[in-house]
Amino acid sequence: MPTPSPTPRRRSDWSEGALAILPVAGAALPFGVLWGALAAQKGLSPLEALLMSATVLAGASQFVAIDLWAHPIPIATVVVATFLVNTRHILMGTSILPKMEAIPRRWKPVALFFLVDEVWALAEKRAREGPLTAGCYGGMAAMISVAWLAWTTAGAILGTGVGDPTRYGFDFAFTALFIGLLMSFRAAPGFTLTVAAAAAGSTVVHLVAPGPLAIAAGAVAGILAAALRPARREDAA
Amino acid sequence: MSVDPLTLLTIVLMGLATYSTRVAGLFLVSRVPAAGRVRNALEAVPAAVLTALVAPAVLTGGIAELAAGAVAGLAALRLPLLAVVILGAATAGLLRAAGL
């Protein structure tokens with residue numbers, strides 16, 4: 001019979017979460033700095049860049065917003081584009097919430113504010129290995145937020161002269177991270193079908209209209225395929 | 001250091017738009033039944049979203065992205081996540097530097 005651990009886990013959960021996402025926070029450096037520099041070139045002050053990172057906390061939509069930024073600001077266009085790029089979070093939140101049982105009810109709206117792609121993906125992985133504790137989630141959220149605020153503000157202060165991170169493969173660090181996390185779900189029922197449908201859906205739409213629509217289309221295709229697949233007894237296990 | 005009022009307004013609206021997508025699950029998740037097709041659909045969300053995030057970049061990027069995606073996928077069968085990230089990014093970086 002295994003001995004239950006007598007030590008409270010609260011503190012180590014925080015550092016465990018922070019450590020789990022540390023490589024991601026590091027890999028975000030070139031992108032944060034690049035985004036800050038682009039924001040500065042569009043006329044945002046470092047304080048405004050910091051405010052946007054702290055309020056939105058979503059890299060992809062921040063890049064799109066800065067791309068659309070002009071004077072006067074096309075407010076409606078920027079806000080609608082931000083919403084469209086972030087619609088994938090609706091699915092992420094719906095998926096992770098049932099696994100947040102260890103997080104107190106009143107903290108869930110706070111936790112969801114920090115549902116960055118990478119936090120979500122790591123939280124899903126964590127939830128399959130054991131209970132997703134508030135400490136672990138908090139550690140991941142705090143680490144990635146502090147890093148993103150620091151990198152983007154630094155970029156806005158540095159301004160121009162920042163290189164293109166895709167030249168060195170930094171962009172692929174995130175792709176590889178998501179592939180690694182994706183593969184950790186490979187034992188799930190209907191995995192191959194879901195992946196095939198999502199890959200086909202997102203790639204076809206991407207070829208026609210690159211952008212957030214491709215992510216949404218791929219996600220919907222994969223989810224529909226999973227919903228429509230013939231039910232089998234062993235799936236209940 | 002200055003904050004322009006219209007810039008601040010845009011930032012706040014962007015924040016609200018983003019938060020609405022993140023918090024929406026709170027209002028949706030109670031409607032999810034415990035079993036059946038809707039449940040299957042919800043359980044497929046992680047794999048479907050992760051695939052949709054990476055597939056266009058890997059499948060339409062070029063030889064470097066295709067190879068790096070394959071390396072990451074194979075590495076994930078055996079190696080820890082950090083090694084997967086490093087091997088994948090290094091493969092993409094090296095093959096791009098080689099002009100692929």
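The values are calculated or read from the model by the stated rules, or taken from the named source; none is laboratory data. Computed from a predicted model, the values in this text were never measured in an experiment. Cβ: placed from backbone, ideal geometry, glycine included. Neighbour counts: every protein chain shown. All accessible areas refer to the heavy atoms of the entire protein, side chains included, with ligands and DNA or RNA removed. Shrake-Rupley method; radii C 1.70, N 1.55, O 1.52, S 1.80 Å.
The mean sequence distance of close C-alpha pairs (under 8 Å, at least 6 residues apart), as a share of the length of chain B, puts its relative contact order at 17 percent.
Here r is the Cβ-Cβ distance between A:SER12 and B:ALA70 and R0 is 51 Å; the resulting FRET efficiency, rounded to 0.05, is 0.90. For the protein assembly as shown, the residue among B:ALA44, A:ALA200, B:THR18 whose Cα projects farthest onto the positive side of the dipole built from Cβ charges is B:ALA44.
Of B:LEU28, B:ALA57, B:LEU94, whose Cα points farthest to the positive end of the dipole of chain B (charges on the beta-carbon: +1 Lys, Arg; -1 Asp, Glu; origin at the Cα centre)? Checked the options; the winner is B:LEU28. The contact residues of segment A:197-233, meaning those that lose at least 50 Å² of 1.4 Å-probe accessible area when all protein chains sit together rather than their chain alone, are A:THR203, A:ILE215, A:ILE223, A:ALA227. The A-B contact accounts for roughly 6000 square angstrom of buried accessible surface, both chains included, probe 1.4 angstrom. Per residue of A:126-132, other chain Cβ atoms within 10 Å of the residue Cβ number 0 on average. What shape does chain A have by the C-alpha gyration tensor, where a ≥ b ≥ c are the square roots of the eigenvalues, rounded means a/c under 1.5, and otherwise prolate means a/b greater than b/c and oblate the rest? Here chain A falls in the oblate category.
Taking Cα atoms only, the orientation of helix A:46-56 departs from the longest principal axis of chain A by about 30 degrees.
Once both axes come from the Cα atoms, what is the angle between helix A:29-41 and the longest principal axis of chain A, in degrees from 0 to 90, rounded to 10? Rounded to the nearest ten degrees, it is 30.
Evaluate the relative contact order of chain A (contact order divided by residue number), counting alpha-carbon pairs under 8 angstrom at least 6 apart; express in whole percent.
Relative contact order here is 30 percent.
Roughly how many percent of the accessible protein surface of chain B is carbon and sulfur, given a 1.4 Å probe and a whole-percent answer? Let's see the in-between values first.
Values: 3500 of 4850 Å².
C and S atoms contribute 72 percent here.
Which order do you get for A:HIS71, A:HIS89, A:HIS206 if you rank them by accessible area with a 1.4 Å probe, largest at the top? Provide the component values of the computation, followed by the final result.
Details: A:HIS71 140, A:HIS89 0, A:HIS206 50 Å².
Accessible-area ranking of A:HIS71, A:HIS89, A:HIS206, largest first: A:HIS71, A:HIS206, A:HIS89.
Heavy-atom accessible area with a 1.4 Å probe sorts A:LEU122, A:LEU149, A:LEU213, largest first, into A:LEU213, A:LEU149, A:LEU122. From helices alone, chain A scores -22500 deg cm²/dmol at 222 nm; the rule is -39500 (n - 2.57) for each run of n ≥ 4 DSSP H residues, then divide by the residue total. Based on Cα contacts under 8 Å between residues 6+ apart, segment A:39-175 shows a relative contact order of 33 percent. Considering only A:ALA39, A:THR94, A:VAL146, and ranking their Cα positions along the charge dipole of segment A:29-188 that arises from unit charges at the beta-carbon of Lys, Arg, Asp and Glu, the one farthest toward the positive end is A:THR94. Shape analysis of chain B places it in the oblate category; the axes a ≥ b ≥ c from the Cα gyration tensor give an a/c of at least 1.5, with a/b not above b/c.
Loop-resident trypsin sites (Lys or Arg not before Pro) (DSSP state other than H, G, I, E or B) in chain B with no more than 10 further Cβ atoms inside 10 Å of their Cβ: B:ARG78. Apolar share of the accessible surface for chain A: 70 percent from carbon plus sulfur atoms, 1.4 Å probe.
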